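Working notes for the structure below.
The values are calculated or read from the model by the stated rules, or taken from the named source; none is laboratory data. Everything numeric in this text was worked out from a predicted model, so none of it was measured. Neighbour counts run over all protein chains shown; Cβ positions are idealised from the backbone, glycine included.
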There are 2 protein chains.
Amino acid sequence: MDLIVQKFGGSSVANAERIKRVAKRVVAAKRKGHRLVVVVSALADTTDDLLALAESITDHPSVREMDMLLATGEQVSVALLAMAIHNLGEKAISFTGPQVGIITDRTHTKARIMDINTARIEEALKAGNIVIVAGFQGKTATEEITTLGRGGSDLTAVALAKALRAKYCEIFTDVNGIYTADPRIVPEAKKLGEISYDEILELASLGAQVMQSRSIEVGKKFSVPIYVRSSLNHSEGTLITKETQKMEDVVVSGVALNLNEAKITIFRVPDRPGIAAKIFKVIADHGINVDMIIQNKTQTNTTDISFTVAKSELKRALEGVRAAARFVGGGQVSSDQNIAKVSIVGVGMKSHTGVASKMFGALARKKINIDMISTSEIKVSCVVPGNKGKEAVRALHREFGLSKK
Amino acid sequence: MDLIVQKFGGSSVANAERIKRVAKRVVAAKRKGHRLVVVVSALADTTDDLLALAESITDHPSVREMDMLLATGEQVSVALLAMAIHNLGEKAISFTGPQVGIITDRTHTKARIMDINTARIEEALKAGNIVIVAGFQGKTATEEITTLGRGGSDLTAVALAKALRAKYCEIFTDVNGIYTADPRIVPEAKKLGEISYDEILELASLGAQVMQSRSIEVGKKFSVPIYVRSSLNHSEGTLITKETQKMEDVVVSGVALNLNEAKITIFRVPDRPGIAAKIFKVIADHGINVDMIIQNKTQTNTTDISFTVAKSELKRALEGVRAAARFVGGGQVSSDQNIAKVSIVGVGMKSHTGVASKMFGALARKKINIDMISTSEIKVSCVVPGNKGKEAVRALHREFGLSKK
């Protein structure tokens with residue numbers, strides 16, 4: 001009998017009715033002859049409610065106590081799901097992360113899984129149970145309760161699939177799968193049957209958030225097939241897996257849009273070796289993540305340096321950047337929040353040429369000015385004016401024939 | 001430095017404001033030089049909300065999963081209280097019952113504490129922490145989460161006080177202490193400075209519910225002084241302790257009223273040896289707790305047998321009683337819900353005579369008819385008509401001079 005790990009997010013278990021629906025789905029899979037481990041998130045809103053409670057007590061909660069508090073959310077879900085499954089006549093047993101031996105490091109609120117002791121789960125499976133595990137949580141070697149941070153339940157599911165040598169890991173969510181573009185922007189976007197780990201990693205980091213990158217990285221590292229599908233219907237989802245020949249035949253798999261970045265420029269930076277290193281060291285010391293960087297020498301002896309950061313970090317970033325500019329004797333610092341990053345992603349780019357120039361051409365025909373360009377082995381990103389982002393996505397989606405899939 | 005165990009109930013930690021108030025009180029005790037272990041219940045309403053969630057899923061929740069669900073309530077409280085104490089600048093650390101080594105048997109939803117491993121608490125105390133422990137919960141030897149049933153947090157507190165050899169256990173509640181009678185019935189009732197374990201056990205079982213009997217029994221068994229006081233003010237509470245000579249000089253310590261019992265009578269039971277045993281065996285087999293029993297032979301060859309049961313169990317009890325009556329060839333079965341049980345309690349009764357007749361005289365002067373009588377070494381209970389219960393309590397309170405204390 002195949003072992004499958006299923007994961008249901010907070011919106012899938014938002015209330016009693018939805019929990020019962022999840023129970024039906026789990027029981028149906030069990031009755032098809034699968035052995036099942038089910039990972040569940042906290043009921044939608046629970047985590048926010050708990051955070052609000054903590055905020056009403058203190059502005060600076062201890063991270064250890066935050067984990068103590070937040071870990072209760074998933075414990076509620078697993079107990080309720082077990083009850084709902086019992087009600088359908090199947091055996092089920094719920095466990096917390098700590099109970100089930102998910103051992104993490106001591107980084108409270110964003111702990112990393114170090115080890116999983118699968119003995120207890122295997123014993124419960126052997127006894128014929130559907131095993132339900134609280135996502136997002138674990139314990140340290142000294143029995144401290146920890147949580148795994150954003151997307152933690154996905155991580156629990158993928159890590160359990162690896163540890164238990166599951167056939168695959170199903171991530172149930174509120175979308176039908178992964179699309180060639182956001183269907184709200186490109187109505188003719190098509191659902192992908194499968195996608196490679198690397199492509200989804202690029203898409204996730206580029207703003208098409210289906211799963212947190214950490215979980216996919218773990219899936220990639222241990223070759224765990226991840227099946228993303230809807231908890232609301234039975235449509236086929238998208239399988240995230242290793243690259244196949246079929247994938248490589250496709251030049252572009254998807255187009256992503258990210259409207260959450262801002263651009264910062266430092267003008268007239270002295271053009272000396274090591275200057276960029278100094279600037280970005282100061283910025284990093286301020287705890288700011290930088291995304292795209294371009295440097296363009298246009299004057300004699302000085303150069304302008306531009307880069308993008310998350311909009312939410314812009315204010316803090318500017319403080320760091322001004323410090324950096326002073327430090328290296330640079331000129332004025334400017335910022336621009338009205339930018340959009342559009343990206344095309346596809347493993348096929350490795351073996352196809354002219355992809356970038358085709359992209360630039362498509363944007364040019366729409367008279368969309370390109371402000372910054374960055375590329376990797378399997379993606380090309382362009383920063384364009386913010387109000388042109390959606391038009392750019394639609395143009396590229398058409399250019400690369402993605403609607404025909 | 002003295003070690004004190006403090007316990008705060010659900011109404012004391014009902015919201016952020018109250019949690020902050022509890023934190024202040026705990027910190028004040030710490031700054032007086034005490035070492036502190038603080039046991040906390042779930043925020044008021046939390047347990048009811050969780051029960052409602054479970055009910056919306058199934059009519060017959062598994063007890064194991066109920067414990068999984070309910071144990072989250074106290075975990076939330078301890079984390080929030082720790083945060084509130086941090087905010088006041090003191091060190092504090094919270095633990096769940098399982099984390100702190102409260103080992104129970106496997107009777108889910110009403111587990112018994114088997115052992116407490118105090119190493120982790122002692123280590124945390126040594127590091128200068130106020131140690132906060134989730135009440136009401138523990139784990140089995142195989143790491144299953146259990147809960148201790150009604151009054152479980154009191155039990156956690158008293159058991160910890162014993163295990164840690166605390167100087168005493170403070171139970172903070174929403175009343176100022178234990179009174180000679182319910183002040184809502186007898187306005188001149190006085191708060192008792194101290195009371196013996198046995199007296200409070202009789203009072204609790206007689207309807208004056210301040211603490212669950214189980215916790216007091218544990219306190220008595222291990223001679224843990226229990227100090228009942230208000231979390232809302234700083235008035236002196238009531239100390240529950242071993243009998244002292246001073247206590248024995250007082251004939252009656254308190255008067256209790258119980259309006260939650262009903263009387264059942266089986267008429268014309270054949271008057272043969274062993275009949276009563278047969279009847280109450282059948283009733284016990286139906287899982288019904290019987291309180292007072294009287295048998296009065298008034299006819300030749302037959303006798304009437306009366307007893308009281310909890311009103312909430314009356315319907316179920318009658319089924320059992322009718323079966324029992326048929327089984328022994330008895331006659332008609334009747335029931336009466338309009339009864340009140342009034343009781344006087346005092347360790348002084350052991351060494352004083354005429355207490356019962358004084359009680360009967362006081363009731364007679366008020367023309368209150370006595371329907372049933374039962375006595376123990378330190379109490380006398382009378383069943384009177386339901387509408388006379390409060391008047392009876394007031395008459396007895398006056399008769400035994402309790403207002404003068």
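Residues being in contact (Cβ under 8 Å) with a residue 60 or more places away in the chain and either hydrophobic (A, V, I, L, M, F, W, C) or in contact with a helix residue (DSSP H, G or I) (Cβ under 8 Å, 6 or more places away or on another chain) (or both) are represented in the range B:352-372 by at least one member. Checking every residue in the range A:192-209 against the condition of being within 27 Å of A:Arg112 (Cα to Cα), acidic (Asp, Glu) and more than 15 Å from the chain's Cα centre (by Cα) gives zero matches. Could we say that A:Arg229 is among the charged types (D, E, K, R), touching a residue at least 12 places away in the same chain (Cβ under 8 Å) and closer than 26 Å to A:Lys379 by Cα here? It is true that A:Arg229 is among the charged types (D, E, K, R), touching a residue at least 12 places away in the same chain (Cβ under 8 Å) and closer than 26 Å to A:Lys379 by Cα. For A:Thr180, the test of being modelled with pLDDT under 95 and more than 19 Å from A:Gln6 (Cβ to Cβ) is passed. For the range B:62-77, name all the residues that are hydroxyl-bearing (Ser, Thr, Tyr), more than 7 Å from chain A (Cβ to nearest Cβ) and over 28 Å from A:Ile57 (Cβ atoms). Those that are hydroxyl-bearing (Ser, Thr, Tyr), more than 7 Å from chain A (Cβ to nearest Cβ) and over 28 Å from A:Ile57 (Cβ atoms): none in the range B:62-77.
Quick check on B:Thr147: is it over 22 Å from B:Val26 (Cα atoms), in contact with an Asp or Glu (Cβ under 8 Å, 6 or more places away or on another chain), more than 10 Å from chain A (Cβ to nearest Cβ) and surrounded by fewer than 19 Cβ atoms within 10 Å (Cβ to Cβ)? For B:Thr147, the condition - over 22 Å from B:Val26 (Cα atoms), in contact with an Asp or Glu (Cβ under 8 Å, 6 or more places away or on another chain), more than 10 Å from chain A (Cβ to nearest Cβ) and surrounded by fewer than 19 Cβ atoms within 10 Å (Cβ to Cβ) - is not met. The criterion of at least 1 residues that are closer than 19 Å to B:Ser205 by Cα is met by the following strands (runs of 3 or more DSSP E) wholly inside the range B:296-390: B:302-310, B:339-345, B:372-376, B:379-385. Scanning the range A:378-391 for residues that are among the aliphatic types (A, V, I, L, M) and in contact (Cβ under 8 Å) with a residue 60 or more places away in the chain, which turns out surrounded by the fewest Cβ atoms within 10 Å (Cβ to Cβ)? Only one residue fits best here, namely A:Ile378. Please verify whether A:Ala54 is without any contact (Cβ under 8 Å) to a residue 24 or more places away in the chain and more than 12 Å from every other protein chain (Cβ to nearest Cβ), treating the condition exactly as stated. No: the conditions fail for A:Ala54. Only one entry in B:Ala42, B:Ala23 is over 15 Å from B:His86 (Cα atoms), within 12 Å of chain A (Cβ to nearest Cβ) and in contact (Cβ under 8 Å) with a residue 40 or more places away in the chain, namely B:Ala42. May I ask you to verify whether A:Ala28 is out of contact with any helix residue (DSSP H, G or I) (no Cβ under 7 Å at 6 or more places or on another chain), more than 7 Å from every other protein chain (Cβ to nearest Cβ) and assigned to a helix (DSSP H, G or I)? Taking the combined requirement at face value, the residue satisfies it. Here the range B:1-25 is the region considered, the condition is being part of a strand (DSSP E or B) and among the aliphatic types (A, V, I, L, M), and the residue that is surrounded by the most Cβ atoms within 10 Å (Cβ to Cβ) is B:Val5. Residues in the range B:396-405 that are surrounded by fewer than 20 Cβ atoms within 10 Å (Cβ to Cβ) and not hydroxyl-bearing (Ser, Thr, Tyr): B:Arg398, B:Glu399, B:Gly401, B:Lys404, B:Lys405.
Every condition in (1) crowded, with 19+ Cβ neighbours inside 10 Å; (2) within 8 Å of another protein chain (Cβ to nearest Cβ); (3) not hydrophobic (A, V, I, L, M, F, W, C) holds for B:Asn129 except the one numbered (2).
Of all residues in the range B:269-295, those satisfying the criterion of being under 30 Å from the mean Cα position of the chain (by Cα), among the hydrophobic types (A, V, I, L, M, F, W, C), surrounded by 11 or more Cβ atoms within 10 Å (Cβ to Cβ) and not in a strand (DSSP E or B) are B:Ala276, B:Ile279, B:Phe280, B:Val282, B:Ile283, B:Ala284, B:Ile288. In this structure, does B:Asp371 turn out to be acidic (Asp, Glu), more than 30 Å from B:Lys242 (Cα to Cα) and surrounded by 15 or more Cβ atoms within 10 Å (Cβ to Cβ)? The answer is yes for B:Asp371. For the range A:132-144, a residue qualifies if it is within 16 Å of A:Arg120 (Cα to Cα) and either surrounded by fewer than 24 Cβ atoms within 10 Å (Cβ to Cβ) or acidic (Asp, Glu) (or both), and exactly one does: A:Lys139. Applying the condition of being at pLDDT 95 or above and closer than 18 Å to B:Tyr227 by Cα to the range B:3-20 and asking which residue is nearest to the other protein chains (Cβ to nearest Cβ) yields B:Phe8. A:Lys139 falls short on exactly one of the conditions (1) at the interface with another protein chain (Cβ under 10 Å from one of its Cβ atoms); (2) farther than 18 Å from B:Glu144 by Cα, and that condition is (2). Of the strands (runs of 3 or more DSSP E) entirely within the range A:64-125, those holding at least 2 residues that are crowded, with 24+ Cβ neighbours inside 10 Å and over 24 Å from the mean Cα position of the chain (by Cα) occupy A:92-95.
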